[in-house]
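Read the structure below first, then the notes.
Throughout, read-outs are computed from the coordinates displayed, never taken from laboratory work. From a predicted model like this one, the values you see are computed outputs, not experimental measurements. Glycine gets a Cβ as well: all are built from the backbone with ideal geometry, and neighbour counts include every protein chain shown.
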Amino acid sequence: MSEKVYIFDTTLRDGEQVPGCKLNATEKLELALKLEALGVDIIEAGFPVSSPGDFDSVSQIAKVIKNATVCGLSRAVQKDIEVAGQALKFAKRSRIHTGIGTSDFHIKSKFNSNREDILERAIQCVKWARNFTNDVEFYAEDAGGYCLPYQYGEKIAYLINNVPNVDKAILSCHCHNDLGLATANSIAGVISGARQIECTINGLGERAGNTALEEVVMILQSHKDLGFYTSVDAKQLNPLSREVSDIMRMPVQPNKAIVGANAFSHSSGIHQDGFLKDAQTYEIINPEVVGAGESKIVLTARSGRSALAHRFQKIGYQFNRNDIDFLYEKFLQVADRKKEVDESDLQMLAQAYTPELATN
Ligand code: KIV
Ligand code: ZN
């Protein structure tokens with residue numbers, strides 16, 4: 001039997017912290033409803049004490065979201081927690097996310113303090129939060145430092161093996177992508193016993209971003225052997241990725257896994273030939289499963305004859321092997337001049353062609 005991994009979406013909080021990605025209350029509410037429809041378990045709606053606008057956003061979201069838990073961030077500060085509690089007052093299910101920097105580095109540099117004091121503050125903030133909701137999540141900021149996946153997994157395993165009553169809590173992975181390892185670390189955490197991943201649509205988030213929601217969801221769905229599932233409806237991943245990108249005015253890199261424009265495009269002859277014989281040779285996910293529409297065969301100077309014949313066929317030209325051999329040479333002349341050969345180029349090549357040209 002597979003086990004559930006909870007998806008904690010923080011697009012509206014960590015994602016929205018990205019310079020240029022700030023949203024107004026209406027936009028945040030619209031996205032919160034889409035995230036709920038996507039099937040995430042927890043929506044981190046904002047950081048209520050940070051501004052009156054964010055307080056209002058969180059309380060509006062708390063009023064309308066019915067299935068997901070609505071979460072508000074706070075520092076280990078009584079005022080933050082009280083304000084978060086107020087903002088979440090009308091939520092059907094609310095969570096306060098509170099915590100503090102716990103690495104030796106943060107303890108010294110940020111707080112000029114010591115472990116005993118930080119431990120006391122940590123316990124205190126959870127107690128304050130419990131006055132508002134039974135669902136409290138504690139973050140031990142920087143506890144992972146800049147881990148490699150096996151180190152991150154070991155940390156989670158250490159907690160599972162050493163913390164009394166740990167089975168009463170859900171351990172969560174909150175990773176940033178400073179070394180491009182956010183997704184790998186989150187998956188390593190889950191393999192070692194964590195059951196929640198904190199992530200964002202398109203991997204948006206502070207600095208190099210957070211763990212990308214679409215990546216972890218599809219890793220767990222593709223690797224059934226791991227024995228996990230999420231409640232996310234994968235078909236909505238691409239449409240929602242585009243909406244988030246548009247509303248936040250933050251383009252998605254074309255080579256981004258799952259939601260990038262090139263994620264299901266094939267442009268080199270070797271790949272195109274294999275793909276056209278059997279899509280699974282170069283696609284581990286059917287693009288329709290993640291709402292990405294059809295795969296694309298892109299024509300460039302690196303493309304091959306099968307791809308050219310395929311693209312001609314798509315616009316209604318059925319050429320035989322001889323025709324294609326001839327047309328391919330003409331195609332390469334165009335392709336060497338252009339980045340991509342498009343439909344109008346193909347029309348031009350096809351219309352200029354007569355079979356006598358190939359035989360002469
Ligand atoms: O990256 C971080 O440290 C955070 C915490 C505030 C949860 O987002
Ligand atoms: Zn973060």
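Using the Karplus curve 6.51 cos²θ - 1.76 cosθ + 1.60 with θ = phi - 60°, work out ³J(HN,Hα) for each residue of the stretch 201-206 in order, rounded to whole Hz, and write x for Gly and Pro.
5, 6, x, 5, x, 3
What is the extension gain from residue 337 to residue 110, computed as 0.36 nm multiplied by their sequence separation minus the C-alpha to C-alpha distance, in nm to one decimal?
Gain in length upon complete extension: 76.1 nm.
So for each of 262-271, 159-168 I average, over its residues, the number of other beta carbons within 10 Å; can you give me the resulting order with the highest mean first?
Ranking the peptides 262-271, 159-168 by packing returns 262-271, 159-168.
Between residue 123 and residue 249, what is the label-point separation in nm under the 7 Å Cα-to-beta-carbon projection?
4.9
In a Gaussian network model over the chain where Cα atoms closer than 10 Å are linked, find which of 169, 122, 194 has the largest mean-square fluctuation.
Per the Cα network of the chain with a 10 Å cutoff, 169 tops the list.
Give me the distance in nm between label points sitting 7 Å out from Cα along the Cα-to-Cβ direction at residue 162 and residue 279, one decimal.
Using points 7 Å along Cα→Cβ, the separation is 4.8 nm.
Need one number: % antiparallel among DSSP beta bridges in the stretch 3-232, to the nearest 5.
Here the antiparallel bridges make up roughly 5 percent for the stretch 3-232.
Roughly how far apart, in whole Å, are the Cα centres of the stretch 236-303 and the stretch 1-60?
That distance is 27 Å.
Among 348, 1, which comes first, then next, by fewest other beta-carbon atoms within 10 Å?
1, 348
Using 1/(1 + (r/R0)^6) with R0 = 45 angstrom and r between the beta carbons of residue 207 and residue 313, what's the FRET efficiency to the nearest 0.05?
0.45
If neighbour count is taken as other Cβ atoms inside 10 Å, put 317, 139 in order from fewest to most.
317, 139
Tell me whether the chain comes out rounded, prolate or oblate; compute the Cα gyration tensor, take square roots of the eigenvalues as a ≥ b ≥ c, and use a/c under 1.5 as the rounded threshold.
prolate
What distance in nm separates the two pseudo spin-label positions at residue 141 and residue 261, each 7 Å out from Cα along the beta-carbon direction?
In this crude label model, residue 141 to residue 261 measures out at 3.7 nm.
Grab the Cα-Cα distance for residue 66 and residue 51, subtract it from 0.36 nm times how many residues apart they are, and report the gain in nm with one decimal.
2.9 nm
Per the helix-only calculation at 222 nm, which mean residue ellipticity applies to the chain, given -39500 (n - 2.57) for every DSSP H run of n ≥ 4 and division by its residues, nearest 500 deg cm²/dmol?
Taking each H run of at least 4 residues, the total per residue is -13000 deg cm²/dmol.
Subtracting the Cα-Cα distance from 0.36 nm times the residue separation, let me have the gained length for residue 79 to residue 321 in nm, one decimal.
Answer, rounded to one decimal: 79.6 nm.
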